[in-house]
Structure formats: structure tokens, C-alpha cells
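K.L.:
Got a structure for you, questions after.
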Amino acid sequence: MKRMSCRFATILALLFFARSASAVVVGQIDTFQDGSLLNWMNGGFAPPITNFNTGGPGGAGDGYIQMTANGGGPGGRLTMFNVDQWGGNFIAPGVTTLEIDLNNQSAVSLSIRFAFKSALSQSSPGYLSAAMLLPANSGWQHFSISITAANLVAIGDPTAYATFFTGVAEMRIIHSVGTGNLNGDPVTGALGIDNLRAVPEPTVTALAAGALALFAAGVVRRRCRNAQ
């Protein structure tokens, strides 16, 4: 009976850690279904970001947010930022990719990028992602963008990638045709945004989960042997 209990405890330990590892979401999955902006801002100088409760990539009932720009002055850029759930350490959990659904609701093409800053300042240095190219009136498009060192452009002499991404101060979503800045280019347009998700590096996640599961199972086995 005792041997059976030990075996059962070992199995439970393995299942617990397997479940925990697979259930962990690295960063936030922003679906905007709750009607909020989920801490996304544009500084209050541009037209307000708007949450729509229907019309996302999932169709009727699928919420999303929209940012707009008027092409001139403080509200001239399609730029929004987040200093809460999208700031902090990307290295430790092994986040290497960002996925997002975008809808260009403009009459002009857009070049959307992720921008990462070292401080809450227009002039602070950071890194810029590859472009997500959207034709005019594109409809919903899904993108998967690598944020590994080889796929980012350094802007303004930031610290080394491995250091910078342990403490990102601000993440932005911007329209930027070139790679000259982290603040975006003037444009008149509107952009729908939904389902922003941080994706951990699969190998790192699998190795960590496996190591934890084996460690837990080993602890249970040793305790069972000692109890016999």
C-alpha cells in the first residue's frame, strides 16, 4: 500500500509540474475583451485610443482597440505605449517572439513595428523590430515577430541586448517606415490591434518544465525510500 502511495505521489508531482509549466503565460495576452485599454496609452496628446466590443479578427463579439493619427502636431503619429505588463524582463522567461493581429483601417499603407525603450522619454535609446507591412484597408492580418538580438535594430546606443531586455522600461507599437527612431512617423490613419501575445522560446520552456518535473519526481522517490 505504501509503495502504491509513493508511485501515485510521484505521478502527481510529474503531472503538477507539467501542468504548471504548460499553464504559465509569459507576459500578457491582450485580447481587450473586458472593454479596457489594458494599460495602453498615447500620452493624451493624440486622438484617444478606443476600445470596440465587436469587429476584431474573430468577428462579431470580438473586442479590439483602435489608435488613430491626424498626420500633424502632437496627434500626428500612430504611436501607443505600455509601461505595465509589457515592461520588465524578457530574457528570464525566454520570450523571443511577439504575436499580434493588426488591421490597417487607413487609406494609406502602414509599416508597424515594436519599439522598446530604456526610459520614459522621447529621446531614450532602445531597440526597434522588423516591420509589419499592411496595405491600405488590409483587413485583419496575423504577425509573428522575432525580438531576438539578430532581428532588432539598436537606436541611440542602448545597452547590450542581454542587459537591456532584463529591464525594458516601455514598449511601443508605432508606424515607422524607416529605422531611424523609436517614436514613429507622421501619418493620417487608423490601426486596429488585437491579441498581442508574448511567446516563450519553446526549447527553453520545455527544458525548464522537464527539469522541474524530474526534480519533483526525484524528491518524492527519495522520501518514499526513506519512509520504507
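K.L.:
If you take the residues of region 157-182 that are modelled with pLDDT of 95 or more, hydroxyl-bearing (Ser, Thr, Tyr) and part of a loop (DSSP other than H, G, I, E, B), which of them is farthest from Asn42 (Cα to Cα)?
P.N.:
Ranking the candidates gives Thr159 first.
K.L.:
Also, quick follow-up: Kindly indicate whether Thr50 is crowded, with 16+ Cβ neighbours inside 10 Å, closer than 16 Å to Ser106 by Cα and among the polar types (S, T, N, Q).
P.N.:
Here the answer is no, as Thr50 does not meet what is asked.
K.L.:
Over 26 Å from Leu98 (Cβ atoms) and either modelled with pLDDT under 95 or assigned to a helix (DSSP H, G or I) (or both): which single residue out of Gly210, Gly218 fits that description?
P.N.:
Answer to the check: Gly218.
K.L.:
Of everything in region 53-81, what is over 19 Å from Ser111 (Cα atoms) and modelled with pLDDT under 95? Give them in sequence order.
P.N.:
Gly73, Pro74
K.L.:
Could I ask something else about it? Check region 200-207 and report whether any residue there is farther than 19 Å from Asn82 by Cα, outside any strand (DSSP E or B), charged (D, E, K, R) and at pLDDT below 95.
P.N.:
The answer is yes, given that some residue of region 200-207 is farther than 19 Å from Asn82 by Cα, outside any strand (DSSP E or B), charged (D, E, K, R) and at pLDDT below 95.
K.L.:
Which of the residues belonging to region 139-155 are in a loop (DSSP other than H, G, I, E, B) and either surrounded by 15 or more Cβ atoms within 10 Å (Cβ to Cβ) or aromatic (Phe, Trp, Tyr) (or both)?
P.N.:
Ile147, Leu152
K.L.:
Across region 161-194, which residue is nearest to Thr54 (Cα to Cα) among those that are of a type in the set (A, V, I, L, M) and crowded, with 19+ Cβ neighbours inside 10 Å?
P.N.:
So, considering only residues that are of a type in the set (A, V, I, L, M) and crowded, with 19+ Cβ neighbours inside 10 Å, the one nearest to Thr54 (Cα to Cα) is Ile193.
The values are calculated or read from the model by the stated rules, or taken from the named source; none is laboratory data. Just so it is clear, the structure is predicted and the values come from calculations on it, not from any experiment. Counting neighbours? That spans all protein chains shown, and the Cβs are built from the backbone with ideal geometry, glycine included.
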